[in-house]
Amino acid sequence: MQPRDLSDHSPYVPGRGVEEVARELGIDRSELIKLSSNENPHGPSPAAVEAIREHADRVHVYPKSSHTDLTERIAEEWDVTTEQVWVSPGADGSIDYLSRAALESDDRVLVPDPGFAYYAMSARYHHADVETYPLSIDDGFAQTAERVLSAYGGERIVYLTSPHNPSGSVIPLEEVETIADATAEETLVVVDEAYGEFADVDSAIPLVNDRDDVAVLRTFSKAYGLAGLRIGYSVVPEEWGGAYARVNTPFAASELACRAALAALDDPEHVAESVETARWSREYISRELDAETFESAGNFVLARVGDASAVAETAQERGVIIRDCTSFGLPECVRVSTGTREDTKEAVERLNGVLTDLDLEAEA
């Protein structure tokens with residue numbers, strides 16, 4: 001007895017965890033600076049932590065009322081109806097919900113290359129085929145309607161990422177509209193705004209009220225610091241609202257996740273501090289790192305360092321965990337998440353030492 005053929009499914013490769021690396025190196029986790037997973041270095045909102053404590057004794061109850069409360073709060077935030085808000089376990093949960101709602105066997109989706117692996121993974125789980133549109137390192141991974149549409153062939157879902165992971169590039173709202181206008185009536189354009197709070201571009205959510213072919217993904221993992229709770233949502237066209245109850249996993253968003261997200265939404269100061277630190281940090285990395293970097297609107301910076309695996313491995317030995325982007329198809333690049341000001345400065349100093357020493361070894 002074997003599972004079905006999964007040979008076309010590439011596993012998602014996450015950034016390495018502090019505990020894992022600390023055990024491997026035989027050091028205390030406090031000696032490590034983790035800048036590999038685009039997490040919030042300020043942690044969660046204190047209000048969210050308090051909400052978790054306050055509601056911890058209620059986890060024996062299914063999260064119906066908290067889910068409803070969060071849905072209403074998000075709808076209010078974006079001036080949409082509650083039916084348009086699909087709360088999910090992380091933004092990747094919403095990707096699955098949209099796949100369930102949209103895809104039939106042998107449908108196709110169009111995804112960026114490089115890009116977030118789960119777009120394709122979810123499509124293939126639902127027996128759809130995957131096509132790609134290339135984003136080029138040579139022009140800084142510029143995202144344009146022309147580039148997307150040149151690869152478009154009637155796919156059921158087209159994924160856009162703004163800011164894009166791992167490069168940090170954005171796609172302007174007018175380009176999103178151009179793509180939606182040019183694609184078929186039965187094509188859903190999905191804009192992933194997981195890093196949207198860090199960017200200076202307008203959200204695509206207002207488009208959802210004007211059209212029936214655009215949906216937007218958002219998450220509480222990044223700017224809100226709730227990655228460990230797995231809570232996100234999508235905003236979908238009003239015509240899609242009724243599908244949620246048919247595709248949603250029962251009680252998928254937990255009680256504590258919903259309560260923490262509600263509290264985090266009412267703590268704008270924490271988000272503002274997180275965004276300000278990320279913007280400072282990415283500018284510092286871009287300016288001070290001794291490597292070519294790419295303009296980023298996220299809470300990370302992509303750098304071209306030569307042998308990414310060697311740089312990431314050596315950096316880890318010196319206490320800095322960064323993301324080797326070989327799994328993205330970029331074996332010459334690493335991605336460095338933004339940390340606190342202190343950690344960012346220390347990490348850049350160590351990384352510059354790594355780059356210098358590897359260059360000297362290569363010359364020897």
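The values are calculated or read from the model by the stated rules, or taken from the named source; none is laboratory data. On a predicted model such as this, the values are computed, not experimentally measured, just so you know. Note that each Cβ is placed from the backbone with ideal geometry, even for glycine, and that neighbours are counted across all protein chains shown. Side chains included, ligands, DNA and RNA excluded: accessible areas come from the protein's heavy atoms. Shrake-Rupley method; radii C 1.70, N 1.55, O 1.52, S 1.80 Å.
Here are the numbers for the structure shown:
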| read-out | value |
| --- | --- |
| Estimated FRET transfer efficiency when R0 is 22 angstrom, pair Asp139-Leu173 (beta carbons, to 0.05) | 0.60 |
| Most mobile listed residue (Gly90, Gly298, Gly228) in the chain, GNM with C-alpha springs under 10 Å | Gly228 |
| Cross-link partners of Lys345 among lysines (Cα-Cα below 25 Å; sequence separation of 8 or more within a chain) | Lys34, Lys222 |
| For the chain, Cys with no neighbouring Cys Cβ under 4.7 Å | Cys258 |
| Per-selection Kirkwood Rh - region 142-207 (Cα, Å, 1 d.p.) | 12.0 Å |
| Size-normalised alpha-carbon gyration radius of region 90-152, reference 2.2 N^0.38 Å | 1.18 |
| Separation of alpha-carbon centers, region 1-56 and region 114-168, rounded to whole Å | 25 Å |
| Solvent exposure of the chain as accessible area per residue, Å², 1.4 Å probe | 45 Å² |
| Charge-dipole axis of region 88-151 as Lys and Arg at +1 and Asp and Glu at -1 on Cβ define it, positive-most pick from Leu110, Ser94, His126 | Ser94 |
| Length released on extending from Glu288 to Thr82, taking residue separation times 0.36 nm less the Cα-Cα span | 69.6 nm |
| Accessible area of region 237-305 belonging to carbon and sulfur atoms, whole % at 1.4 Å probe | 47 percent |
| Compactness index (Cα Rg / 2.2 N^0.38 Å), region 227-296 | 1.65 |
| Amide hydrogen neighbours beyond the local backbone of Tyr133, cut-off 5 Å, H modeled | Val111, Asp113 |
| Unit charges at the beta carbon, dipole of region 295-361: most positive-side option, Ser309, Gly298, Val320 | Gly298 |
| Percentage relative contact order, the chain, counting C-alpha pairs under 8 Å, at least six apart | 23 percent |
| Among 99-106, 192-199, 215-222, the order from most to least packed when residues are scored by Cβ within 10 Å on average | 215-222, 192-199, 99-106 |
| Average projected area [Cα convex hull, region 1-102], square nanometres | 12.0 nm² |
| Potential lengthening between Ala362 and Arg318 on full extension [0.36 nm per residue; Cα-Cα distance subtracted] | 14.0 nm |
| Proximal charge balance of Ser65 [Cβ under 12 Å; K/R count +1, D/E count -1] | 0 |
| DSSP beta bridge pairing in the chain, given as percent antiparallel to the nearest 5 | 45 percent |
| Percent carbon-and-sulfur accessible area, region 26-156, ignoring ligands, DNA and RNA, probe 1.4 Å | 46 percent |
| Alpha-carbon centroids, region 265-313 and region 330-364: separation in whole Å | 12 Å |
| Amide H partners (placed H, <5 Å) of Val158, local residues excluded | Leu110, Leu188, Val189, Val190 |
